[in-house]
1. When the residues of the range A:10-58 are narrowed to those that are in contact (Cβ under 8 Å) with a residue 24 or more places away in the chain and of a type in the set (Asp, Glu), which ends up nearest to A:Ala77 (Cα to Cα)?
2. Can you find even one residue in the range A:144-160 that is touching a residue at least 60 places away in the same chain (Cβ under 8 Å) and of a type in the set (S, T, N, Q)?
3. Which of the residues belonging to the range C:60-111 are facing another protein chain (nearest Cβ under 9 Å), part of a strand (DSSP E or B) and modelled with pLDDT of 90 or more?
Amino acid sequence: MTDEEPGSRLAGADDRIVAGRAIDGDIAAFEVLVRRYTPMMRAYVRRVLGASADVDDVLQEAFVIAWQRLSELEDPAAVKSWLMRIVSRKAMDRVRSRRPQVDIDGIEPPASPDTTPARAAETRAGVEALNAALAELPEAQRQSWVLREIGGLTYEEMAAELAMPVTTVRGLLARARKHIMVRMEEWR
Amino acid sequence: MTEDGRLPLGLEPDDLDGHTIEELTDYLDAGRTPADASIDASPGCALALDAMERLRALTPALMASDEAAEPAPEPGWIQSILSGIAMDARSGRRIPLADPDDGSDLAITEGAVRGLIRAAENVFPGILIGRCRLDGDVTVRGAEIGVEVDVSVPFGEPIVQLAERLRSEIAVRLARHTRLAVTGIDITVHDISTWTEDKR
Amino acid sequence: MNDLVVEIEAAVLGTPGVVALYRTGSAVTNLVGAAVERLSGSEDAATRAVITNTGGTTQVEVALGIDSQGSAVEIAQAVRDRVTALLVAAGETTPFVRLTVVHVADGRPLA
């Protein structure tokens, strides 16, 4: 039997076990989930809201809600996507409160290119190209794309949370996709 | 024309035999079923769908790269999350620590007691305690309480001795931190743990 | 009244065996049917000890994390005694302490 640090066993256990215990009220297990998914959630929220946003405030609110609502999580193994949905809602709350009107064609300038953390040198060229294409998008288009393609939200969910018609959501996404695909082809 | 003579990617309905990017996205989302003969027969659509699939394939890589660039959460961050949680809001029943009187009501939560029981696993390498249940009316002082504990145990460990030692450890913890009248501690070995290093 | 909250929080955290003082979930608004005057803290998350005055009784409510090496019973009694003494010294004639241990921080084997 190898020497183990106390708690390292739980830290390495799969989501089903860890989330199952968190649902049971195990704070240590909840802490494992916080450690495990904070980097992913931070990266995602930063993509939605931009680098200057209070990303950690959004995460804090999301984790408080997650703790309160753990009893509603029926499948502990699905805790990752469950957390992403909660943090998506919190991020969309911020989007909605910041911008009452959405400009589909984006007269406003795109977000600054420096919207993401520094990347490791060996990143695939395709990822770099995608990152650059996203940075060129007007904010509303970029947010819609991230919420849909990374957050996995439905058009209806986005329309409801962002207080805009589904047609507007579709319009934003269509423009975002076109721009990204054209740029990706140019870089191929 | 691009440098190597390819046509630029056309994404307007004229390039897509009358179809729109939105239609193609929906078609892709639906797994290209039911099959649409008009889309399937269109070279422009085929090019656009290929481009969409390439993009879809890159998206997880983008997120993985973003995530890898994030630092591990700082201890201060973890603590601020945990202290922001109203821990007694989901902690189950309040278990009295003393008879209530005119000046105080002292209790420990069921959640805290379950945590105490679960932490007994730290004493025994390799085991993982799963669900814990306290059966009986724990809110009534002196009521008979049964404890049920699910455990997963590494392959090869002698189960009976382990269960005995675990039962003893749990009993001591309960006696120290509660005034529960524990009538029995049932330990069920549910499955053999398959936790390995590569699950990190 | 805010000074009293600060004193109480300090006394609680200074009790041997207490390792944390948490926000309580049973907020003032959960006291159904009582005319409640919230005397302590602000509406945001900074408040940990909650003091309320219901019909002349001053109640202090705390949620604790304790060290597993102690005894929850003894630590709870010690905290209660300290807080009661502070309330009495502040002139409260009918003090009440509602204390809940919500977390036992694990250390070493006890068996």
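1. A:Asp15
2. no
3. Listed by number, the residues that qualify are C:Ile66, C:Pro95, C:Phe96, C:Val97, C:Arg98, C:Leu99, C:Thr100, C:Val101.
Matching residues to (1) assigned to a helix (DSSP H, G or I); (2) touching a Cys at 6+ places or on another chain (Cβ under 6 Å); (3) within 14 Å of chain C (Cβ to nearest Cβ):
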residue: B:Cys45; (1), (2), (3): yes, no, no
residue: B:Arg54; (1), (2), (3): yes, no, no
residue: B:Asp66; (1), (2), (3): yes, no, no
residue: B:Ile108; (1), (2), (3): no, no, yes
residue: B:Arg118; (1), (2), (3): yes, no, yes
residue: B:Glu121; (1), (2), (3): yes, no, yes
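Results for (1) away from chain C (no Cβ under 14 Å); (2) under 29 Å from the mean Cα position of the chain (by Cα); (3) crowded, with 16+ Cβ neighbours inside 10 Å; (4) in a helix (DSSP H, G or I), shown as yes or no for each residue.
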{"position": "B:Glu22", "(1), (2), (3), (4)": "yes, no, no, yes"}
{"position": "B:Asp26", "(1), (2), (3), (4)": "yes, no, no, yes"}
{"position": "B:Ile39", "(1), (2), (3), (4)": "yes, no, yes, yes"}
{"position": "B:Ala57", "(1), (2), (3), (4)": "yes, yes, no, yes"}
{"position": "B:Pro60", "(1), (2), (3), (4)": "yes, yes, no, yes"}
{"position": "B:Met63", "(1), (2), (3), (4)": "yes, yes, yes, yes"}
{"position": "B:Leu82", "(1), (2), (3), (4)": "no, yes, yes, yes"}
{"position": "B:Asp99", "(1), (2), (3), (4)": "no, no, no, no"}
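Residue-wise test of (1) of a type outside the set (A, V, I, L, M, F, W, C); (2) more than 18 Å from A:Glu157 (Cβ to Cβ); (3) out of contact with any Ser or Thr (no Cβ under 9 Å at 6 or more places or on another chain); (4) away from chain B (no Cβ under 12 Å).
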{"position": "A:Arg9", "(1), (2), (3), (4)": "yes, yes, no, no"}
{"position": "A:Val58", "(1), (2), (3), (4)": "no, no, yes, yes"}
{"position": "A:Phe63", "(1), (2), (3), (4)": "no, yes, no, no"}
{"position": "A:Asp93", "(1), (2), (3), (4)": "yes, no, yes, yes"}
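To keep it simple, each residue is scored yes or no on (1) in a helix (DSSP H, G or I); (2) more than 9 Å from chain A (Cβ to nearest Cβ); (3) at pLDDT 95 or above.
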residue: B:Val138; (1), (2), (3): no, yes, no
residue: B:Asp150; (1), (2), (3): no, yes, no
residue: B:Ala171; (1), (2), (3): yes, yes, yes
residue: B:Leu174; (1), (2), (3): yes, yes, yes
residue: B:Ile185; (1), (2), (3): no, yes, yes
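The values are calculated or read from the model by the stated rules, or taken from the named source; none is laboratory data. Everything numeric here is computed off the predicted structure, so don't read it as measured data. Note: ideal-geometry Cβ built from the backbone for every residue, glycine included; neighbour counts use all protein chains shown.
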